[in-house]
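One structure below.
Since every read-out is calculated from the coordinates, none of them should be taken as a lab result. Note that this is a predicted model, so its numbers are computed, not measured. Positions of Cβ are generated from backbone atoms using ideal geometry, with glycine treated the same way; all protein chains shown enter the neighbour counts.
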Amino acid sequence: MPGINLGYRLPFETPTVDDGSDAATDDLSPDVSDSDARTAALATLGLPAEASSEEIRAAYRERVKEVHPDHGGDEEAFKQVREAYTTAKANT
């Protein structure tokens, strides 16, 4: 394979990559808890806090039809609905 030991053959030093797993970066996390983010996401989708995965999916599909830019909706609202769906699904 041509890429094997490529790092040893480069004429310059390769930088080390920080994956962000350092304990000092934990203080930089936002003050928003997962439940607050989920509640806000569900509110964007027009759902109560105890909504199921199926309800989240159905509400997303309906809401996205209303705000899709190809159907005369606002692109920013479309992005907000997509982000809300992603957040709600991740915290289900």
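At a glance:
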| quantity | calculated |
| --- | --- |
| Volume per residue of the C-alpha convex hull in the stretch 31-92, rounded to whole Å³ | 67 |
| The stretch 31-92: relative contact order in percent, alpha carbon pairs under 8 Å with at least 6 residues between | 42 |
| Segments 34-47, 61-74 sorted - mean Cβ within 10 Å per residue, highest first | 34-47, 61-74 |
| Net lengthening on full extension, Q80/E55 (0.36 nm per residue, minus Cα-Cα) | 7.2 nm |
